[in-house]
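These notes concern the structure reproduced below.
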Amino acid sequence: MAIWNDPQPTQTGLRASSRMNAGYVNAAALDAGLRKYMLSIYNYMASGVLLSGIVALLFVQTGLAAQVFVTPLRWLVVLAPLGFVFAMSAGMGRMKAGTLQACFWGFAVAMGLSLSSVLLVYTGASVALTFFATAGAFAGLSLVGYTTKKSLSGMGSFLTMGLFGLIIAMLVGMFFHVPGLSLAISVLGVLIFAGLTAYDTQQLKNTYVQVAGTPYVEKVAIMGALNLYLDFINMFQFLLSFLGDRR
């Protein structure tokens, strides 16, 4: 028989309902925060790529690129982006978010100067075609990394080892002529950075749970944008090396 006049079941039901509502609100807030966080990463990354493209185009059109890349200064231009990457990675904990953001824009400018050499070597049409092909592939791979329920951590270890192997192969190619090595490096480079795009996206998504509601969210978003930028640009360059038409 139901005890209609006993208030306790009603209070228990209210508490249970309250907990359920709180859990729903927290989950909804976390989901909204995740979307905002990922959108921030993609905005940084896309803006950085756009800035690099503008800088590269202006550097070529002014004639400065053609002058610089025939002098020893070309090494400064080529290696400058690495300096920004190392500085940001090492100083992330100490830097304020504003400083880290300024470094990211500085990296994008330096990368644009470095990428201007691509416009000197390949035709504009092939560069544009390869860029859009890379953008489409990147979007699809990043979506896979964001939506898949399967952990890609094992693939990340495999890709990291592949990346070291790729670097060694590139060093060998610089000093020795091995038939077919250049093509193999290009194909492996595309595959490795395609995989890293999906892996890094999933890692960034998983990291949000750890930094949500902390001052580190903005810093992690900036460094996440840097990682995805590097995945995109490397995939673009390797793809261009065997799809691009040389001048």
(message) Please verify whether Gly173 is surrounded by fewer than 13 Cβ atoms within 10 Å (Cβ to Cβ), over 18 Å from the mean Cα position of the chain (by Cα) and small (Gly, Ala, Ser), treating the condition exactly as stated.
(response) no
(request) Give the residues of segment 141-162 that are over 21 Å from Asp31 (Cα atoms) and small (Gly, Ala, Ser), sorted by residue number. (result) Ser153, Gly154, Gly156, Ser157, Gly162
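Could we say that Ser157 is of a type in the set (Ser, Thr, Tyr) and either surrounded by 14 or more Cβ atoms within 10 Å (Cβ to Cβ) or under 27 Å from Leu39 (Cβ atoms) (or both) here?
no
Could you look through segment 189-247, keep only residues that are of a type in the set (Ser, Thr, Tyr) and out of contact with any helix residue (DSSP H, G or I) (no Cβ under 7 Å at 6 or more places or on another chain), and pick out the one that is farthest from Ile168 (Cα to Cα)? Reasoning before the result, please.
Here is the first cut: in segment 189-247, the residues of a type in the set (Ser, Thr, Tyr) are 197, 199, 201, 207-208, 214, 216, 229, 241.
Still in the list and also out of contact with any helix residue (DSSP H, G or I) (no Cβ under 7 Å at 6 or more places or on another chain): 214, 216.
On the way: Thr214: 39, Tyr216: 35 Å.
Of everything passing the filter in segment 189-247, Thr214 is farthest from Ile168 (Cα to Cα).
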(request) Name the one entry in Ala80, Ala102, Ala137 that is closer than 24 Å to Ala221 by Cα and without any contact (Cβ under 8 Å) to a residue 24 or more places away in the chain. (result) Ala102
(request) Would you mind listing the helices (runs of 4 or more DSSP H) fully within segment 79-195 where at least 2 residues are of a type in the set (Val, Ile, Thr) and more than 27 Å from Val55 (Cβ to Cβ)? (result) 124-147, 153-175
(request) Search segment 15-64 for residues being loosely packed, with under 11 Cβ neighbours inside 10 Å and either modelled with pLDDT of 95 or more or of a type in the set (A, V, I, L, M, F, W, C) (or both), and hand back the single one that is farthest from Leu226 (Cα to Cα). (result) Ala16
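The values are calculated or read from the model by the stated rules, or taken from the named source; none is laboratory data. Since this is a predicted model, take the numbers as computed values, not measurements. Using ideal geometry, Cβ is built from the backbone for each residue, glycine included, and neighbour counts are taken over all protein chains shown.
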